[in-house]
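So the structure is just underneath, and the comments pick up after that.
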Amino acid sequence: MRLNHLTPRRRHRPLRGWHPRTWRGILLAGALIVVALVVEHFIPPLSGAVRVADGDSLEISGERVRLEGIDAPELHQECGEGAKAWPCGMKARAALAALVAQGEVSCRPVDEDRYGRAVARCTVGGADIGAELVRQGWAMALGLAYRAEARAAKSAGAGIWAGPFETPAEWRARHPRPAE
């Protein structure tokens, strides 16, 4: 018995979604990737003398830089409670200073923040500084960047995870910067 009359006939149609407008979207995405590669290869990374400002900010040859993907306690922030409070902001700054003292620091800017600082991925001796600060527990991961390092630091009770603390964002909200 033939079942052809029961099964629907398939007509040949062009692939859906391959409209010229879709091609423009693909070309635009490709162009953005090319621009990113050009920027990465032709805009030199920041390098030179380093001064540490706080746990996630530094200055390289006069250029202010904030580390991308992390948020460290503010310089004057304390962690813990009452008599057991300790200067976690100063400790985070000391951790960043210890990392940059290990060798030549190189930062590749990826953005600019509202204060005019370059937001950058920085390395020392090829190691990602942001990843190391999160791994040591001296900074919190923002977004998806350093999730594994954050989980490891939290489970080990490293750095700020050793006890109760206010997130840097909460601390900044309670201690706003004076108007400039």
Legend entry - So Gln102, is it without any contact (Cβ under 8 Å) to a residue 40 or more places away in the chain and of a type in the set (S, T, N, Q): yes
Legend entry - Checking Gly143 against (1) over 29 Å from Glu81 (Cα atoms); (2) assigned to a loop (DSSP other than H, G, I, E, B); (3) out of contact with any helix residue (DSSP H, G or I) (no Cβ under 9 Å at 6 or more places or on another chain), the condition it does not meet: (1)
Inset, instruction - Please indicate, with yes or no, whether at least one residue in the range 106-115 is touching a helix residue (DSSP H, G or I) at 6+ places or on another chain (Cβ under 8 Å) and either in contact (Cβ under 8 Å) with a residue 60 or more places away in the chain or of a type in the set (A, V, I, L, M, F, W, C) (or both). - result: yes
Inset, instruction - Could you check, for the range 112-121, whether at least one of its residues is part of a loop (DSSP other than H, G, I, E, B), closer than 29 Å to Ala49 by Cα and within 13 Å of the chain's Cα centre (by Cα)? - result: yes
Legend entry - Near pairs, Cβ below 6 angstrom, 6+ apart or cross-chain, from the range 82-97 (without any contact (Cβ under 8 Å) to a residue 40 or more places away in the chain) to any residue that is of a type in the set (S, T, N, Q) and surrounded by 14 or more Cβ atoms within 10 Å (Cβ to Cβ): Gly89/Gln77
Inset, instruction - Output the number of residues of the range 107-132 satisfying the condition of being touching a Cys at 6+ places or on another chain (Cβ under 9 Å) and more than 25 Å from Lys154 (Cα to Cα). - result: 3
Legend entry - the range 47-57 - residue that is more than 21 Å from Ala150 (Cβ to Cβ) and modelled with pLDDT of 90 or more and, of those, surrounded by the fewest Cβ atoms within 10 Å (Cβ to Cβ): Arg51
Inset, instruction - Of all residues in the range 158-179, count the ones that are within 22 Å of the chain's Cα centre (by Cα) and either under 27 Å from Tyr115 (Cβ atoms) or free of Cβ contacts under 8 Å to residues at least 12 places away in the same chain (or both). - result: 11
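The values are calculated or read from the model by the stated rules, or taken from the named source; none is laboratory data. Model, not experiment: these values are computed from the prediction. FYI the Cβ positions are ideal-geometry reconstructions off the backbone, even for glycines, and counts take in every protein chain you see.
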